[in-house]
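Here's the structure we're looking at; comments come further down.
The values are calculated or read from the model by the stated rules, or taken from the named source; none is laboratory data. Computed from a prediction, not measured in an experiment: that's the story for all the values here. Cβ coordinates were reconstructed from backbone atoms using ideal geometry, including for glycine residues, and neighbour counts include every protein chain displayed. Ligands, DNA and RNA are excluded from the accessible area calculation, which covers all protein heavy atoms including side chains. Shrake-Rupley method; radii C 1.70, N 1.55, O 1.52, S 1.80 Å.
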Amino acid sequence: MAAYCVLTYPTLEHWLTTAHLDSNSDSEQASAQSAILRAAESTSTHLTIVVRTAGAALPNPWDPASPSSSSSSSGGGGGEPTRTASPTRFFLRLERALARVYSIATDSFAQRDLVLAQVDVVLEQLRRQPVCIPSSSATTTVIRWQATDEVESANQNGTGNGSKGKDKETTPVPADHTPSGADHHYDHHDPHMKTLYPVVALGGTFDHLHSGHKILLTMAASITSRKLIVGVTDDALLKTKKFRDWLEPLPFRIRNVENFIALIRPEIECACVPLQDVYGPTATDPEIEALVVSDETRAGGQAINTLRASRSLSILRIFCIALVAESTPSRVPSSTNLPAEALTTKKDDDDEEEEEVEGKVVVSPATKMGSTGIREWLSKRRQEEQQRTGA
């Protein structure tokens, strides 16, 4: 049975500001988390979470017709301010919001040892067209949740009061609120920072496409206006991978990437190319302007820029996603042993800003679980089946 969870917020800013909040202290976030969990618990195979914004009158930062986000403050005069945020400037905030939503769902599946269950988070403003939500039926569950816009309206009217829902008394969220250090990696005043980059590249193995991959791909798609080049590591370079027998073949991995990009941002071109080395098209393609990497591949990004400089090609703007796992191993299925290097322990569990550790985005180990962990889980499952059947 497939399941859908539709989360509706007044504006994109409202979601970016509140999605990362601790559900133990924020009633709206607790309510949204409950909706995600109910949807996740209704399926063992596939959950699609749609983040929908009701503020259709506000400019969409991914709409080519929107005003330049480099001037995202008030337009002056007595009218309403035009606040078209720039995707490149709220990069880390978007990652944090996505990571929290993915964490809630993947954590639920991990607790039930459903490592292969798929979670897709679709931001409709990024997609720029609505997701077709089927009706609830015997084979499909649809959970709908909506935040009230009382806080947003109160702040836009300058009252500074309001609540996030009926019978909820919480501190109102300022309309222009940016969490401290949210865009830690980037200079807000860099005149060379574009709103979107026409051609963006990234690379990876993308084996058993999981939440970490999907966050990486979504973040790359979020700063692309025309074309996303995805280098997918060729089978020939994966001969030393652990549990190699469980690696998905290259065409299957490419198809999964293409299908996911078509789901979250169908208007851009997705060019998947086999990677024979760390450079791929970035070594020769003058159209590429930005590169999205993870902490694990940051050194590769620097090597790419060194090579491009030697060839008189433009230096790529590097955006680094910042996922780091919490120290909550009890949430990971007992049959799964994650590689030690795949998990980074949160240093202070009592940190007030628990979602951010030295500029990192904190997620559960289930979200951080890599392809190696999935292959190991599959291998152990096969061994357990053989022991039961005596094969």
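Per-residue answers, yes or no, for (1) closer than 22 Å to Trp62 by Cβ; (2) at pLDDT 95 or above; (3) open to solvent by 30 Å² or more (accessible area, probe 1.4 Å):
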residue	(1), (2), (3)
Ala2	no, no, yes
Thr8	yes, yes, no
Leu21	no, no, yes
Asn24	no, no, yes
Thr43	no, yes, no
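Here's the yes/no breakdown for (1) modelled with pLDDT of 50 or more; (2) farther than 27 Å from Glu258 by Cα:
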residue: Gly160; (1), (2): no, yes
residue: Lys168; (1), (2): no, yes
residue: Pro172; (1), (2): no, yes
residue: His177; (1), (2): no, yes
residue: Met193; (1), (2): yes, yes
residue: Thr224; (1), (2): yes, no
residue: Lys227; (1), (2): yes, no
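The set of residues in the stretch 12-47 that are touching a residue at least 60 places away in the same chain (Cβ under 8 Å), more than 21 Å from the chain's Cα centre (by Cα) and part of a loop (DSSP other than H, G, I, E, B) comprises Asp26, Ser42, Thr43, Ser44. Of the listed requirements (1) at pLDDT below 95; (2) within 19 Å of Asp26 (Cα to Cα), Trp145 misses just one: (1). Of the residues making up the stretch 281-302, those that are at pLDDT 95 or above and either touching a His at 6+ places or on another chain (Cβ under 7 Å) or farther than 16 Å from Thr224 by Cβ (or both) are Ala283, Thr284, Pro286.
When the stretch 81-139 is filtered for residues that are open to solvent by 30 Å² or more (accessible area, probe 1.4 Å), closer than 19 Å to Thr43 by Cα and not in a loop (DSSP other than H, G, I, E, B), the ones remaining, listed by number, are Gln111, Gln118. Among the residues of the stretch 223-250, those identified as assigned to a loop (DSSP other than H, G, I, E, B), in contact (Cβ under 8 Å) with a residue 24 or more places away in the chain and not aliphatic (A, V, I, L, M) are Asp234, Lys241, Lys242, Phe243, Glu248. Please go through the stretch 237-255 and pick out each residue that is under 15 Å from Gly203 (Cβ atoms) and either open to solvent by less than 60 Å² (accessible area, probe 1.4 Å) or not hydrophobic (A, V, I, L, M, F, W, C) (or both). Answer for the stretch 237-255, where residues must be under 15 Å from Gly203 (Cβ atoms) and either open to solvent by less than 60 Å² (accessible area, probe 1.4 Å) or not hydrophobic (A, V, I, L, M, F, W, C) (or both): Leu238, Leu250, Arg253, Ile254.
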